[in-house]
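Read through the structure below, which is laid out as structure tokens, and then see the notes.
The values are calculated or read from the model by the stated rules, or taken from the named source; none is laboratory data. If you're wondering where the values come from, they're calculated on a predicted model, not measured in any experiment. When we count neighbours, we look across all protein chains shown, and the Cβ atoms used for this are built from the backbone with ideal geometry, even at glycine.
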Amino acid sequence: MKLTKTQLKRLIKEELEATLDEIKWPWSKEPEQEPEIDCEKVRQDYNELAPQTTYGVSGDNAQATQSWLIDKHRKCFTEEEIASMRRFPSRTI
């Protein structure tokens, strides 16, 4: 079966639209609601990573995860805690 350029473009466009509807990209038509954040769990996750931040590559990974937690869930921490966590990642809060 031969396809013309127009038919191929239409087919690709339809498939892309169907895929975007399935996976709901952030720019899709319906914005999803953010799940409720459990700050206690976020703080617990941070504290579990704290002792691991001083050991080579795994320490770098733990510290990167801590930074991600701080940035992603900023409202779970006070500004003073954030400043302290950035300076001393191996301390628990």
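Can you name the residue in region 68-81 that is surrounded by 15 or more Cβ atoms within 10 Å (Cβ to Cβ) and in a helix (DSSP H, G or I) and is also nearest to the chain's Cα centre (by Cα) among such residues?
Top of the filtered list is Leu69.
Being surrounded by 11 or more Cβ atoms within 10 Å (Cβ to Cβ) and polar (S, T, N, Q) is the filter; apply it to region 8-61 and report the residue that is modelled with the lowest pLDDT.
The extreme case among them is Ser28.
What pairs come out if I take residues in region 58-79 that are over 13 Å from Asp45 (Cβ atoms) and pair them with residues that are surrounded by 10 or more Cβ atoms within 10 Å (Cβ to Cβ) and modelled with pLDDT under 90 whose C-beta lies under 7 Å away, six or more apart or interchain?
Ser58/Gln52; Gly59/Gln52; Gly59/Thr53; Gln63/Thr53; Gln63/Pro89
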